[in-house]
Structures are given as structure tokens and as C-alpha cells.
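Structure record follows, encoded as C-alpha cells.
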Amino acid sequence: MSVSVVVIASARARWSNLSIQFEKLYGRLPDFIARSPGRVNLIGEHIDYAGFGVLPMAIEDDCLIAVAIDHSSSTVKLSNLNTKYPPLEFTPKTAQEGYVSIHPEAHIWSNYFSAGYRGLLEELKVEVPKGMLCLMSGTVPTGAGLSSSSAFVCCAVNATTKAQESFLAGRMPSAHELAVISIRSERYVGTMGGGMDQACSILSKPKSALFIEFHPVLKVTPVFFPTTLPPIAFVIADTLVTSDKAVTAPVRYNLRVVETRGAARILAMRLGIDIPASGKLHLKQVLDAHFQKIGYQAEGKTEAEADIEKLAEMDHIVERVFGTDDIRSGVSYAKMCELAGLSEDEFRRLYIQQPIRGDQFHLYRRAKHVYSEEKRVVQFRDTCEKAMTNKGLQAETLFSQLGGLMNASQDSCHSLFDCSCDELEELTALARRAGAYGSRLTGAGWGGATVSLVAEDRVPEFIACLKREFYAKHHPNLTGDALEHAVFASAPSSGAATFVGR
Ligand code: NG1
Ligand code: MG
């Protein structure tokens with residue numbers, strides 16, 4: 001089994017068109033083009049910010065930024081090939097002033113560039129940045145859960161690094177460092193994000209998905225699919241319900257981050273785990289501290305077996321602590337603070353760095369989702385790794401196991417994490433009827449795309465069925481390229497890179 005390779009024939013034409021348009025705009029050719037891909041998350045949703053491992057795959061859709069270095073000034077000019085996005089021009093302020101102002105509440109496209117630019121310069125303490133003439137071209141659909149935002153931030157970090165190369169002489173950051181810088185940078189845009197998207201965009205290797213761990217440090221391991229079995233395909237289908245995370249964060253994404261942080265603190269208190277003075281503690285640290293405290297012994301179990309056992313035990317603990325009548329169906333902010341042993345102001349200071357709005361805080365259902373979702377990630381990875389050496393394995397068995405985990409993930413996102421929506425429910429159910437072994441939302445949810453596991457030889461009829469039963473029904477005017485871009489199979493792409501030469 002290999003993952004299907006679908007060559008985007010227009011890629012080469014797009015690169016040369018970008019150079020041609022660049023020359024028209026700035027009267028010279030670019031010095032280099034930086035590229036960062038979007039990603040599809042195969043499994044592990046809303047658990048990166050709780051410290052747990054996730055399993056995404058970089059896709060072919062990407063962000064390109066063509067850059068010419070301006071040695072005569074520090075001014076940055078940025079345009080987008082898509083002229084609906086207005087150009088940006090600024091002369092950077094001093095390092096102490098943060099180089100460039102970012103107004104997350106303004107929700108402008110260029111914030112993502114500014115975030116990457118600023119994050120990189122701050123991290124590497126660049127004194128007088130070189131000027132940059134930039135032209136961006138993006139093919140990752142926005143608001144689709146395919147991480148157009150991180151592709152852009154990572155590409156800005158990558159482009160800025162390359163443009164400031166002469167200043168950085170001898171201390172060019174590694175890809176790993178660039179991933180860490182990109183994770184921090186994107187927070188300037190106003191979301192309290194995990195790190196999956198930036199790590200995947202920068203560190204992915206060809207022909208593989210990427211298992212990403214965050215705690216205690218960022219660590220990535222490629223995950224392969226056996227080439228000895230019939231090929232598998234991951235088909236992405238967009239509901240076309242856009243969910244702009246930056247806009248909805250206070251009532252959705254950032255609210256979930258706060259719920260999981262509150263749950264972690266309260267669980268730690270009940271389990272007698274020391275809470276650091278900073279208060280910073282996520283659900284993965286609670287798990288680690290608990291099993292260290294009770295002296296857990298893995299006794300001849302594999303790492304995956306031990307992890308699964310621990311995660312199942314955490315599920316019982318969540319039942320015990322949060323499954324009581326007064327907490328199970330949600331608590332007020334005041335009640336959550338009381339359970340956390342903090343005043344409302346103290347809780348806010350420790351755990352809420354961005355505005356949120358919510359009446360009910362669902363400690364029980366969010367913690368249940370996080371621990372069970374991580375269990376599925378461990379099982380998914382373990383199943384893929386065992387399949388690499390299991391000669392007698394039938395494709396049907398493997399596909400059903402992986403698909404079953406994806407379906408269970410979707411159920412949990414829907415019923416415990418409340419990050420699905422009617423269109424995602426309809427499209428994932430349809431995908432299963434159309435022959436997918438598994439189908440789930442991908443990315444933050446509340447709209448955006450689904451990912452379905454399909455045997456490669458069935459992809460054309462699968463896509464035809466989705467077009468007929470979903471797109472023709474809900475989006476009858478969607479045709480041609482726009483339709484091809486809404487539903488497609490994507491091969492794993494490699495991570496970010498910078499290409500020099502014309
Ligand atoms: P998208 O789908 O790109 O909005 C977000 C976060 C991830 C992760 C997923 C949910 C950012 C940049 N991305 O992705 O870190 O938490 O949601 O699994 O914040
Ligand atoms: Mg995003």
C-alpha cells in the first residue's frame with residue numbers, strides 16, 4: 001500500500017507565473033521563492049495545545065512568497081497575486097518596538113506575514129533588517145481547516161530568514177528551530193494555537209505522514225504506509241462552510257483552549273499533583289505527573305500498550321472527577337474558578353491570554369475527548385508501524401482499522417468537543433456510504449474540510465458520488481476548477497523549502 005500520488009500539473013506554471021508577475025510589479029526578478037505547504041490532519045484533533053501528539057500530513061497546496069532583497073532600505077512591500085487582498089508596505093520599527101504592529105482584531109490577511117516576519121526578527125535579534133519586496137501566491141483554501149494561516153506564517157518566517165541571511169551568517173536556524181519560531185509567531189495573530197500546523201508545514205518528509213510530539217520538546221517521526229499493499233488515498237472534501245478561526249476564536253477555538261487548561265488544573269489538584277507557580281500545566285503533563293507519582297511500571301508492555309493503558313486510566317479519572325451531576329453538563333466561569341482554587345481574576349491572568357466568551361465550561365466532555373483522541377492517535381500510529389512488518393496483513397483489515405479510528409475521532413469531535421457542524425456530519429456520513437473506510441473533519445472544525453480514507457482504485461467513483469450527492473445539491477453553481485479544488489485526493493508533500501534560481 002502506498003499513498004496515492006496526484007501530480008498537480010499546474011505547479012510549474014504557477015512558479016514561473018509568479019516570477020513574471022513579480023517582474024511586472026517590481027521591475028526585477030525575485031532572488032528566491034519560499035514555499036510552505038498546508039496540511040491535512042489525519043487524526044488527533046484539538047489535542048496539540050493539550051500537549052499531546054498528532055498525526056497530520058503536508059499537502060500539495062501551499063503558500064509561495066517570491067522575494068527580492070532590497071539592500072538600499074529596510075522597507076517591506078508585500079502584494080498578493082490575488083488582488084482582492086490589498087498590498088502592505090511598512091518600514092520596520094526598532095527591535096524594542098517590535099518591528100511591525102499587528103492588530104489581530106483587524107483580521108487582515110497580511111497579519112500572517114507580519115507575524116512570521118516579526119517572530120523571526122525578534123527571535124534572532126536582527127538589528128537592521130534588509131528590505132524585502134514580496135509577492136505571495138497561495139493555493140490552500142482559507143477557512144477550510146487545511147491550515148492556510150500556518151502555511152503563510154511559516155512561509156513568511158522562511159522568506160525572512162533567507163532575506164536576512166547575511167546578518168545571520170553562521171547561525172542560520174535549523175528547520176526544527178524555524179518550526180518552533182513559527183509556532184510562537186502565529187500567536188501574534190491572536191489564536192492560542194498548539195503547534196501541529198507549523199511543525200507539519202516545516203518538518204514533513206516526502207511520502208509520509210508526520211507524528212508530532214510537543215512535550216517535553218518538539219519531536220517529529222515520519223509515519224509510513226506499507227508499499228506492499230494496494231494503495232490508499234486520503235481524499236479532502238471541503239464543506240465550503242468557512243470557519244475563520246481568527247474571527248471566531250473567542251467563542252470557539254480559544255474557549256476550548258481555556259476549557260482544557262481549566263480541566264488540567266482541576267484534575268491536577270484532585271490528583272495531588274504539584275502545580276508550577278506559573279500555573280502552566282496541560283492535560284499531557286497531568287498524565288505524566290500522575291503516573292510518575294504512582295510509580296507506574298510498564299512491565300514488558302510496548303510503549304504504545306503502556307500509553308493506551310495510561311490514557312484509559314485517565315478516562316476513568318475524568319469520570320470520577322468531572323462525571324458528577326454538578327459538573328458533567330458544564331459549569332459557569334465562577335464555578336470553574338472555584339474548582340480551580342483561584343479567584344476569577346487570577347484564573348484570567350494565568351490561563352486567558354486572548355478574549356473569550358462563554359457561559360458554560362465543559363470540563364468533563366473536553367477532557368474526555370482529549371484523552372480518548374490521543375488514544376486513537378497512538379493506535380493509528382501503532383497500526384501503521386506494525387503494518388510495515390506484518391507480511392500476512394490484508395489491506396481490508398488495515399484500512400478498516402484505520403478508518404474505524406477516524407470515524408471514532410469524528411464522533412468524539414461531534415459529541416464531546418462540539419467542533420463539528422451539520423455540513424461536516426452530512427459529508428462524513430455520505431463519505432462512509434460512498435465507500436470510505438473512515439471520514440472525519442480535519443483541522444479546527446466548525447466547518448472546513450473533511451478527510452476520508454479510500455482505497456485508491458475507488459477514488460474516482462468516490463469523488464463522483466460526493467459531487468453528485470453533496471456539491472450538486474448544496475452548491476449547484478460550483479463547477480470547473482472551483483469544484484476540483486473543493487474535493488480532491490492529496491499525496492503527502494514535503495515540508496517548507498526555499499528555492500533560489502530563476
Ligand atoms: P486550523 O484548522 O488551521 O484552524 C487549528 C490549530 C492547530 C490545532 C487544530 C485542531 C493553529 C495555527 N492551528 O488548526 O494547532 O489545534 O486547530 O486540532 O492554531
Ligand atoms: Mg489555521
Practice prompt. Kindly report the accessible area of the chain per residue (heavy atoms of protein chains, probe 1.4 Å, no ligands, DNA or RNA), in Å².
Written response: 41 Å²
Worksheet entry | Rule-of-thumb Rg ratio for region 108-231 [Cα; 2.2 N^0.38 Å; N residues] | 1.14
Worksheet entry | Lys, Arg +1 and Asp, Glu -1 on Cβ, resulting dipole of region 278-358 about Cα centre, debye, nearest 20 | 380 debye
Practice prompt. Please give, to one decimal in nm, the separation of the simple spin-label points placed at THR142 and THR75, each 7 Å out from Cα toward the Cβ.
Written response: 2.5 nm
Worksheet item: Under a plain spin-label model, where a point goes 7 Å from the Cα along Cα-to-Cβ, how far apart in nm are GLU97 and LYS335?
Response: 5.0 nm
Worksheet item: Looking at the square roots a ≥ b ≥ c of the eigenvalues of the Cα gyration tensor of region 372-414, which shape do they give, rounded for a/c under 1.5, prolate if a/b is larger than b/c, or oblate?
Response: oblate
Worksheet entry | Computed over region 445-485, Kirkwood Rh from alpha-carbon pairs, angstrom | 11.4 Å
Worksheet item: Once both labels are modelled 7 Å past Cα along the beta-carbon direction, what's the GLU319-ARG432 spacing in nm?
Response: 2.3 nm
Worksheet entry | Expected-Rg normalisation [2.2 N^0.38 Å, Cα atoms] applied to region 5-87 | 1.45
Item to complete: Give me the accessible area of HIS485, 1.4 Å probe, in Å² rounded to the nearest 10.
Response: 80 Å²
Item to complete: Mind scanning LYS280/LYS368; LYS205/LYS386; LYS280/LYS386; LYS207/LYS310; LYS207/LYS301; LYS84/LYS162 and naming the pairs with a C-alpha gap bigger than 24 Å?
Response: LYS280/LYS386; LYS207/LYS310; LYS207/LYS301; LYS84/LYS162
Practice prompt. Grab the Cα-Cα distance for THR479 and HIS215, subtract it from 0.36 nm times how many residues apart they are, and report the gain in nm with one decimal.
Written response: 90.6 nm
Practice prompt. Pop out the carbon and sulfur fraction of the accessible area of region 165-319 as a percent, whole number, probe 1.4 Å.
Written response: 55 percent
Worksheet item: If one computes P(r) from the Cα atoms of region 182-254, what percent of pairs lie at distances over 17 Å?
Response: 62 percent
Worksheet item: So what's the gap between the Cα centers of region 404-478 and region 101-148, to the nearest angstrom?
Response: 31 Å
Response to the item:
With +1 at each Lys and Arg Cβ and -1 at each Asp and Glu Cβ, the charge dipole magnitude of region 335-465 around its Cα centre, to the nearest 20 debye, comes out at 340 debye
Fill in: Alpha-carbon Debye profile of region 214-373, log10 I(q)/I(0) at 0.12, 0.13, 0.18, 0.19 Å⁻¹
-0.66, -0.76, -1.18, -1.25
Worksheet item: Can you pull the Rg over Rh of region 380-476, Cα-only, Kirkwood?
Response: 1.02
Discussion item. What's the magnitude of the charge dipole for the chain around its Cα centre, counting Lys and Arg as +1 and Asp and Glu as -1 at the beta-carbon? Answer in Debye, nearest 20.
Written reply: 740 debye
Practice prompt. Kindly sort VAL180, VAL54 by accessible area of their heavy atoms, largest first, with the probe set to 1.4 Å.
Written response: VAL180, VAL54
Discussion item. Viscosity 0.890 mPa s, temperature 25 °C: give me the Stokes-Einstein translational D for region 280-395 in µm²/s, with Rh taken as the Kirkwood radius over C-alpha pairs.
Written reply: 147 µm²/s
Fill in: Computed over region 290-427: relative contact order in percent, which uses C-alpha pairs under 8 Å that are six or more apart
27 percent
Worksheet item: Got a number for the accessible area of ILE20? Probe 1.4 Å, square angstrom, nearest 10.
Response: 90 Å²
Practice prompt. Calculate, for ASP359 and GLU309, the FRET efficiency according to 1/(1 + (r/R0)^6) with r their C-beta to C-beta distance and R0 41 Å; round to the nearest 0.05.
Written response: 0.65
Fill in: Diffusion constant of region 79-124 at 25 °C, which comes from Stokes-Einstein with the Kirkwood Cα-pair radius and 0.890 mPa s, µm²/s
214 µm²/s
Worksheet item: For the chain, what is the convex hull (Cα atoms) projected area averaged across all directions, in square nanometres?
Response: 24.4 nm²
Worksheet item: Once the Cα atoms of region 1-156 are picked out, what are the Rg and Dmax in Å?
Response: 16.9, 54
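The values are calculated or read from the model by the stated rules, or taken from the named source; none is laboratory data. Predicted model, so just to flag it, every value in this text is computed and none were measured. Note that each Cβ is placed from the backbone with ideal geometry, even for glycine, and that neighbours are counted across all protein chains shown. Areas reflect the complete protein model, heavy atoms only, side chains present, ligands, DNA and RNA absent. Shrake-Rupley method; radii C 1.70, N 1.55, O 1.52, S 1.80 Å.
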